[in-house]
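Enquirer: Before I ask anything, let me first share the structure, which is written out below as structure tokens.
The values are calculated or read from the model by the stated rules, or taken from the named source; none is laboratory data. Keep in mind it's a predicted model, so treat the numbers as computed, not measured. Glycine also receives a Cβ, built like all others from the backbone with ideal geometry; neighbour counts cover every protein chain displayed.
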Amino acid sequence: MEVSWVELIKLLISTGVCWTNFVLIDTYFGLPRKPGVLGAEVIGKTLEKMGGDLNGGYFMGNIVCSPDASAGTLMAAIFYYLLGFKGGLIATLLVYIGNRLCNDPGYAGTFGTFSATVIIHLLSGFIEPRYFIGGMIMAIFTIQGLYHVGASKVLGYIGRKLGMI
Amino acid sequence: MDAVLLLIGVISFVVGLRVFLTKNRVQRLLYLCCLNFAISALIALYIKSPMGGVVAAAYFIGSTLSSNAIAHTIGKVQRLEGRGEW
Amino acid sequence: MDIVISTLYLGYILLIFGTLGVILGPERRDPFVRLLNIEIPALGVMLIFLAYNHTLALMTYIAINSLIVLVFIRTIIRKEELEA
Amino acid sequence: MKVGESGNVELLPLVSIFCIVIGCIGVILNTHYLDKIIMLEFLTGGLIGLIVSFYYLDVAILTSIVEPVSTVILLLGSLKYIYIKRSRRRYSSKLPVLGK
């Protein structure tokens, strides 16, 4: 069970691509501006009480409470790994239905899935699609699983830098 | 076992232990969201056929729906207890 | 160890520890806590069905087990309303 | 848990068994209702992973569709139960004052 350097470099590149994709699309469609449902508001208020940023907390709560561009990127990677390019279009339809179930307009998830499919198709020459699944898990771990207060500060800084709050 | 499976396994074990050890309820919900991502990816990597993708999508949509309901109820209970303390 | 054998023993362990948790667990006087504890032996029975390849029994048990919760919750709330 | 031909260890059954054991201890030891329901969600994730590792895909789809219904019913019931218990306790704490 040895891990070569080429695999690690591919994993790091795919982590960066997935992180940039879903954070930029979610910020552009206005997730940190307002909480969509009651649960996102609770998560944002709690993280602000613990010393984090309010708008970053709204961002993380919206990721938990409805399938946004993060779920769209994961679904696009899985269906591209299993079915090829037309699997990405099926994943777009599934994410749209899931967004409708969670009482959300659903533009961020649909657009994020489609852009992730196009990016994976463009990069599939030298990075296989299964590395994007691992890269997406690593990207969601750095936001939701490592250190919540610091992650909310970083997300709030990015949102203010893009002028979307 | 290559690098992708090793990475997902280590992440799911770490997140599972942190769900058990954390005391705050909201942080526990955030870790649970990360664990749902990891299990969905593991299902798709274990069954290498289009039916596995359908199972992963169904599991992910269902778990997102129920964690939405849990977060909503946490908000309701906090509002109720806050009014009770007044 | 094979996966079938480990699933079977895990089901037995869940059945025994879940039953002990229902009987001796913390705050067992509350009926809602006891209803939530009783989900664990049910899940142990599901694992035993899974280890013996009883697919139809497993499917029926899962569907009925999530519908019987409705009846129990209705009963607990009605009892609490009548005692008040 | 199963050791394959080339010495590999399958990862999905290992993670599922870990989730089930940790979730069993967590459901019994926590005492607040919401903590118990979160741990029950964790336990059900492990069950679905173990069903998938036996290649019963139809049962897995049915479980992941039916399980949020059960969670929503439990959450609505616990919310109403907390509300009834709180209102009854406030009423009965006023009652001895009137009795004196």
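Enquirer: If the requirement is being in a helix (DSSP H, G or I), closer than 19 Å to D:TYR33 by Cα and not acidic (Asp, Glu), which of these qualifies: C:ALA42, C:ALA63? Working first, answer last.
Expert: Details: C:ALA63 fails: closer than 19 Å to D:TYR33 by Cα.
From the options C:ALA42, C:ALA63, the qualifying one is C:ALA42.
Enquirer: Working only within segment C:50-62, note down all residues that are at the interface with chain D (Cβ under 10 Å from one of its Cβ atoms) and surrounded by 13 or more Cβ atoms within 10 Å (Cβ to Cβ).
Expert: Within segment C:50-62, C:LEU50, C:ALA51, C:THR55, C:LEU58, C:MET59, C:ILE62 meet the criteria.
Enquirer: Which of the residues that make up segment C:1-26 are assigned to a helix (DSSP H, G or I), facing another protein chain (nearest Cβ under 7 Å) and either without any contact (Cβ under 8 Å) to a residue 24 or more places away in the chain or over 17 Å from the mean Cα position of the chain (by Cα) (or both)?
Expert: C:ILE3, C:SER6, C:PHE17, C:GLY21
Enquirer: Is it true that some residue in segment A:72-85 is in contact (Cβ under 8 Å) with a residue 60 or more places away in the chain and either over 14 Å from the mean Cα position of the chain (by Cα) or closer than 21 Å to B:ALA44 by Cβ (or both)?
Expert: So far as segment A:72-85 goes, yes, one or more of its residues are in contact (Cβ under 8 Å) with a residue 60 or more places away in the chain and either over 14 Å from the mean Cα position of the chain (by Cα) or closer than 21 Å to B:ALA44 by Cβ (or both).
Enquirer: For residues that are within 12 Å of another protein chain (Cβ to nearest Cβ) and without any contact (Cβ under 8 Å) to a residue 40 or more places away in the chain, scanning just segment A:50-63, find the one that is farthest from the chain's Cα centre (by Cα).
Expert: A:GLY61
Here's the yes/no breakdown for (1) aromatic (Phe, Trp, Tyr); (2) over 18 Å from the mean Cα position of the chain (by Cα); (3) outside any helix (DSSP H, G or I); (4) modelled with pLDDT under 90:
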{"residue": "D:PRO13", "(1), (2), (3), (4)": "no, yes, no, no"}
{"residue": "D:GLY49", "(1), (2), (3), (4)": "no, no, no, no"}
{"residue": "D:TYR55", "(1), (2), (3), (4)": "yes, yes, yes, no"}
{"residue": "D:SER87", "(1), (2), (3), (4)": "no, yes, no, yes"}
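Enquirer: What's the number of the condition C:ASN53 fails, among (1) in a helix (DSSP H, G or I); (2) over 16 Å from C:LEU14 (Cα atoms); (3) out of contact with any Ser or Thr (no Cβ under 8 Å at 6 or more places or on another chain); (4) modelled with pLDDT of 90 or more?
Expert: (1)
Enquirer: Name the single residue that is nearest to the other protein chains (Cβ to nearest Cβ) among those in segment C:27-38 being touching a residue at least 12 places away in the same chain (Cβ under 8 Å) and within 21 Å of D:GLY45 (Cβ to Cβ).
Expert: Let us first name the residues in segment C:27-38 that are touching a residue at least 12 places away in the same chain (Cβ under 8 Å), namely C:31-32, C:34-35, C:37-38.
Narrowing the set further to residues that are within 21 Å of D:GLY45 (Cβ to Cβ) leaves C:35, C:37-38.
Details: C:LEU35: 8, C:ASN37: 6, C:ILE38: 10 Å.
Filtering first and then ranking leaves C:ASN37.
Enquirer: Tally up the residues in segment B:1-19 that are over 14 Å from A:ILE140 (Cα atoms), facing chain A (nearest Cβ under 7 Å) and crowded, with 21+ Cβ neighbours inside 10 Å, please.
Expert: 1
Enquirer: Can you spot a residue in segment A:92-101 that is within 15 Å of the chain's Cα centre (by Cα), away from chain B (no Cβ under 14 Å) and assigned to a helix (DSSP H, G or I)?
Expert: Among the residues of segment A:92-101, not one is within 15 Å of the chain's Cα centre (by Cα), away from chain B (no Cβ under 14 Å) and assigned to a helix (DSSP H, G or I), which makes the answer no.
Enquirer: While we're on this one: Cβ-Cβ under 8 Å, sequence separation 6+ or interchain: first residue in segment B:61-74 and farther than 11 Å from A:CYS102 by Cβ, partner of a type in the set (Lys, Arg). Which pairs?
Expert: Note: pairs meeting the criteria are B:ILE74/B:ARG25.
Enquirer: Right, here's the next one. Answer yes if at least one residue in segment A:66-83 is more than 8 Å from chain B (Cβ to nearest Cβ), over 22 Å from A:THR15 (Cβ atoms) and β-branched (Val, Ile, Thr), and no otherwise.
Expert: no
For (1) of a type in the set (A, V, I, L, M); (2) facing chain C (nearest Cβ under 10 Å), each residue gets a yes or a no:
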| site | (1), (2) |
| --- | --- |
| D:ILE22 | yes, no |
| D:ILE28 | yes, yes |
| D:LYS36 | no, yes |
| D:LEU40 | yes, yes |
| D:ILE48 | yes, no |
| D:VAL52 | yes, no |
| D:LEU57 | yes, no |
| D:THR63 | no, yes |
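Enquirer: Still on this model: Kindly establish whether B:THR22 is touching a helix residue (DSSP H, G or I) at 6+ places or on another chain (Cβ under 9 Å), β-branched (Val, Ile, Thr) and more than 7 Å from every other protein chain (Cβ to nearest Cβ).
Expert: Numbers: touching a helix residue (DSSP H, G or I) at 6+ places or on another chain (Cβ under 9 Å): yes; β-branched (Val, Ile, Thr): yes; more than 7 Å from every other protein chain (Cβ to nearest Cβ): yes.
Answer is yes for this residue.
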